[in-house]
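To start, the structure itself, in C-alpha cells.
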Amino acid sequence: MMTDDDRAWAGAAILAGGVVTLSAATWAGAAGGALATGEDVAPASPLTVYRMVSDWATVWPQSQTASLVGATVADLAVVVFLVWGLRWAFKWFRNPSSLATLHQVRELTPKHAARTATRLRASLKGAKASQLPARDRGVLLGDHLPSGIELRGSDEDTYIAIMAPRAGKSTSLAIPVAEEAPGALLMTSNKADVYAATRGSRARAGQTFLFDTQGVAQAERDMWVDLVAQAETLEGAERLASHFVTQITSEQADPFWSQAAGDLLTGLFRAAWWEGTTVREVMAWLADPKEKAPLRVLYQHEPVLAEQVDSSINIAEETQSGIYQNARTAMSALRDEKVLAWVTPDKHRARFDPEAFATSTDTLYLLSKKGGPSSALVAAVADAVFTAATEAGERHGGRLPEPMRAVLDEAANICRIADLPDLYSHLGSRGITPFTILQSYRQGVRAWGEVGMDAMWSAATRKVIGVGMDDAKFAQDISSLTGAHYIERGSYSKSKDGSSRSWSEQREQVLDPAEIRAMRKGTALLMSTGMPVAQISLRPWYAEEAMAHIGPQMREEEAAITKRAVAAYEQRKAARNGR
C-alpha cells in the first residue's frame, strides 16, 4: 500500500524524468536543425539547456530558425511517443475496475493464443503464429474489458460456463465455439437452435450425424448407434449401465437397488456382446427374470462375473423382482420402438462409428427435449465418443492430432455422464475440449452432487460466469474470488477551533454479490487458472463478420424444421381421425 510520501516521491520521479527527456529532445532537435544548415552544434550539457531556456539566440546564433524548428519537431515526437507509451501501459497494466489487467491475462491474447495453437494442432505445425486466422487461434471467450482485446483459450483447456436463461449461452458461447471447431464436433442441446445455426457450415467441413430420439429437429432418422458395442470390455459395460442407472439414483433412495440394477445390466450387456446380439435382446431378458440364457453365456466366457450376477439375483423372489423392476425403469426409454430403432442394427441406414468420428472433421448432434430416461441414451453415446477419442489420442502419441470439441449445452439435464467431473481432469490433455454449459451452479450439484460439481469446477481451467446469478451463496463465493482492493476515503470535521480533512485507505471487495448479479447483459466474468478474475465482453455470432453466413443458413434450416413439424402433426392428426 502506497503512503502519501510514496506517492509524492513517485510523482517527483516521473516529473524529473519528463523534464530530462524533453530537455534532451529539445537539444537533439535543435542540434539536428543546426547541422542541417551547416552551423556548429552547442555542446550537450545542463548548462546548454539552461542557456537555451534563458536566451535561445545566444546558443544558436547562426541557426535560430532551423534549430527552433528541429527542437519543436523533436519535442512533438517525444510527446506523441510518451502519450502512446502511456496509453499502451494503461491498456496492458491498468484496469480501473481493479479486475485483471490485459497483462495479467496475456496468455489468452491473440499472439500467445496463436503460439499455443501451433503447438497443439498437427495441421498448424510450421505455420507462423502471426499469420493465423482468428478462428485457428483457439476457443473464443470474448473481449477483455476495458482494453477490448480478443481473448481465446486453448484446445487443451477445459471449460464451464454458468449463465442464466436468455443470457447468451447459445449465441455467444455454444454456436461460436462449435462454428470454429477445427476437428470433430460433439454437441448436445435440448433445442434446435444450435443445430439449425451450425449444421450448414459443419456439413461443408465434414459429415453431420443427428441423434434425435425425441424429434427436437423433426428430422428423419438416418443413422443408428450400436450400444452393445460399448460392452466390449467389462469397464465399457459398467459405464454403459451407469448411464441408465443414473436416472433412478437419488440421494434419498436406498443405494442397494440402483447398485444391484447396475450389476444386473452390466452382466446383461456383456452377455449380449458375447452373443453378438442387440439391446433388443437385453430388453427381452429384462422382461423375464426366469430367463437363464444370459447367465449361461456369462458362465461360458466370464465365470467370475457370472457368479457375481447370479448371486445378486438368486435371492428372495420379492427382492429379485425389485432389482429387475429398477433395471427395467432405468431402461424405460427403450420401451418405445421408435427410440429402440436408434440403437439397433438397420441395414438401410448408416452405423455411427465413434472411432472413425474421433479423428474426422464430422459433427454429431445429440438432441433431447428434457432429462429422464431418454437422456441416458445421449449420455451413453457421448461417453462412447469420449472413450473412442481417448483411445485414438493414445494411438497418436497421447493426444488427438486435431482437437475434438464437445459443447455440452444443458449437460446437467440431457448428458449426465456420471463421472464427467473425473473426465475433466484429463480430457484437455488428450486433445478433447469439453465446454459444459449450465444455467446455475446448483443445477450441476443436482446432477453430480456437491463433491462431483466441486471437482468439475476445480478441474475446469476456464470458467465463464454470465449475468443473472440469483444464487446468493454462489455469487458470494465468486465475490470472494474476485479479491479485494484498497480505496481512499476522505472525512471532514469542523469544530470551534477550525476544520480539518483526513484521508484513509479501506479494503473492500472488488465486486460484491449484488454487482455480480446485476452485471450488464453481454458481459461475463472469466476465471482462468493462475490468473486474476477478468471481465469480458461476449461476442455473439450475429455481431461477427466472419459468421455472417450463419443467419441465412439458420433461417433456412429453421424453415425446414417447421415444415417437418407441420407435416408430422398433420400425419398424427390424420391417424387419430382414421381410428
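The values are calculated or read from the model by the stated rules, or taken from the named source; none is laboratory data. Keep in mind that this is a model prediction, so the values were computed, not measured. As a convention, Cβ positions derive from the backbone with ideal geometry for all residues, glycine included, and neighbour counts pool all protein chains shown. For the accessible areas, the whole protein counts, side chains as well, though only heavy atoms, and no ligand, DNA or RNA atoms are used. Shrake-Rupley method; radii C 1.70, N 1.55, O 1.52, S 1.80 Å.
Tell me, what is the percent relative contact order of the stretch 333-443, built from C-alpha pairs under 8 Å that lie six or more residues apart? Don't skip to the end; give the middle numbers.
On the way: 126 pairs, mean separation 28.6, N = 111.
That works out to 26 percent.
Using a/c under 1.5 as the rounded threshold, could you call the stretch 281-348 rounded, prolate or oblate? The axes a ≥ b ≥ c are square roots of the C-alpha gyration tensor eigenvalues, and prolate needs a/b larger than b/c, oblate otherwise.
Details: a/c = 2.96, a/b = 1.44, b/c = 2.05.
The shape class here is oblate.
If Thr208, Thr387 are ordered by their accessible area, calculated over protein heavy atoms with a 1.4 Å probe, which sequence runs from highest to lowest? Please list the in-between numbers first.
Details: Thr208 30, Thr387 60 Å².
So, going from the largest accessible area down, we get Thr387, Thr208.
Determine the order of Arg328, Arg442 by accessible area, beginning with the largest, at a probe radius of 1.4 Å. Display every interim value, and only then the final one.
Numbers: Arg328 65, Arg442 90 Å².
I get Arg442, Arg328, largest accessible area first.
Provide the net charge surrounding Gly200, with neighbours chosen by a C-beta distance below 14 Å and charges set as Lys +1, Arg +1, Asp -1, Glu -1.
Numbers: positive: Arg199, Arg202, Arg204, Arg555; negative: Glu179, Asp193, Glu556, Glu557, Glu558.
Summing Lys/Arg as +1 and Asp/Glu as -1 gives -1.
Let me make sure I get this right: for the stretch 330-486, a, b and c are the square roots of the gyration tensor eigenvalues over alpha carbons, sorted descending. Under 1.5 in a/c it's rounded, otherwise prolate if a/b > b/c, else oblate. Which is it? Before the final figure, lay out the partial values.
Details: a/c = 2.70, a/b = 1.47, b/c = 1.84.
Oblate shape, in that a/c is at least 1.5 and b/c is the bigger or equal ratio.
Using Cα pairs under 8 angstrom and six or more residues apart, how large is the relative contact order of the stretch 32-144, in percent?
Working: 72 pairs, mean separation 17.7, N = 113.
The normalised contact order for the stretch 32-144 reaches 16 percent.
Using a 1.4 Å probe over the heavy atoms of the protein chains, calculate the carbon and sulfur portion of the accessible area of the chain as a whole percent. Can you show the working numbers first?
Numbers: 15200 of 28210 Å².
Reported share for carbon and sulfur atoms: 54 percent.
So how far apart, in nm, are the two label points at Lys369 and Arg555 if each is 7 Å from Cα heading toward Cβ?
In this crude spin-label approximation the distance works out to 2.8 nm.
Under 5 Å between amide H atoms, partner at least 5 residues away or on a different chain: which partners does Gly483 have, H built in plane at 1.01 Å?
Val510
Might you tell me the accessible area per residue for the stretch 376-525, computed with a 1.4 Å probe and given in Å²? Show your work: numbers first, answer last.
Values: 6490 Å² over 150 residues.
The answer is 43 Å² per residue.
If packing is taken as the average number of other Cβ atoms within 10 Å across a peptide's residues, how do 127-136, 467-476 rank, most packed first?
Details: 127-136: 13.7, 467-476: 15.8.
Highest-to-lowest ranking by the protection proxy: 467-476, 127-136.
Would you please name the trypsin sites (Lys or Arg not before Pro) within the stretch 332-376 that are DSSP coil residues with at most 13 other C-beta atoms within 10 Å of their C-beta?
Values: sites: Arg335, Lys338, Lys347, Arg349, Arg351, Lys369, Lys370; in loops: Lys347, Arg349, Lys369, Lys370.
Counting only loop positions with at most 13 other Cβ atoms within 10 Å, the trypsin sites (Lys or Arg not before Pro) in the stretch 332-376 are Lys347, Lys370.
Mind grabbing the accessible area of Ser360 for me, 1.4 Å probe, Å², rounded to tens?
Per-residue accessible area (Ser360): approximately 30 Å².
Arrange the peptides 178-190, 57-69 so that the one whose residues have, on average, the most other Cβ atoms within 10 Å appears first.
Values: 178-190: 25.2, 57-69: 17.3.
Peptide ranking by packing, descending: 178-190, 57-69.
Based solely on its DSSP helices, what 222 nm [θ] is calculated for the chain when runs of n ≥ 4 H residues each add -39,500 (n - 2.57) and the sum is averaged over all residues, nearest 500 deg cm²/dmol?
Values: 22 runs with 284 residues, N = 579.
So the helix-based figure for the chain works out to -15500 deg cm²/dmol.
If a/c stays under 1.5 just call it rounded; otherwise compare a/b with b/c (prolate if a/b is bigger, oblate if not). Do that for the stretch 52-132, with a ≥ b ≥ c from the square roots of the Cα gyration tensor eigenvalues. Please list the in-between numbers first.
Numbers: a/c = 7.53, a/b = 2.43, b/c = 3.10.
Oblate, because a/c is 1.5 or more while a/b does not exceed b/c.
Remind me, relative contact order of the chain in percent, using alpha carbon pairs under 8 angstrom and six or more residues apart? Could you put the intermediate results ahead of the total?
On the way: 981 pairs, mean separation 110.4, N = 579.
Once normalised by length, the contact order is 19 percent.
Can you pull the accessible area of Asp362 for me, 1.4 Å probe, Å² to the nearest 10?
In the full protein context, Asp362 sits at about 30 Å².
Students often get this wrong, so try it: which of [x] 85, 69, 51; [y] 116, 66, 54; [z] 75, 54, 49 is Cα extents along the principal axes in Å as calculated from the structure shown?
The calculated read-out lines up with [y].
If one computes the Cα centroid of the stretch 58-119 and of the stretch 286-321, what distance in Å separates the two points?
77 Å
Between the stretch 127-159 and the stretch 407-432, what's the alpha-carbon centroid distance in Å?
Rounded to whole Å, the Cα centres lie 22 Å apart.
List the residue ranges in the chain for DSSP H helices whose C-alpha atoms run 27 angstrom or more along the long axis and whose Kyte-Doolittle average is 0.0 or above. Intermediate results must be reported in sequence, preceding the final value.
On the way: long enough: 4-36 (48 Å, 0.74); 64-93 (42 Å, 1.22); 255-275 (30 Å, 0.12); 373-395 (34 Å, 0.59); 550-577 (40 Å, -0.95).
Membrane-span-like by this criterion, though nothing is claimed about a membrane: 4-36, 64-93, 255-275, 373-395.
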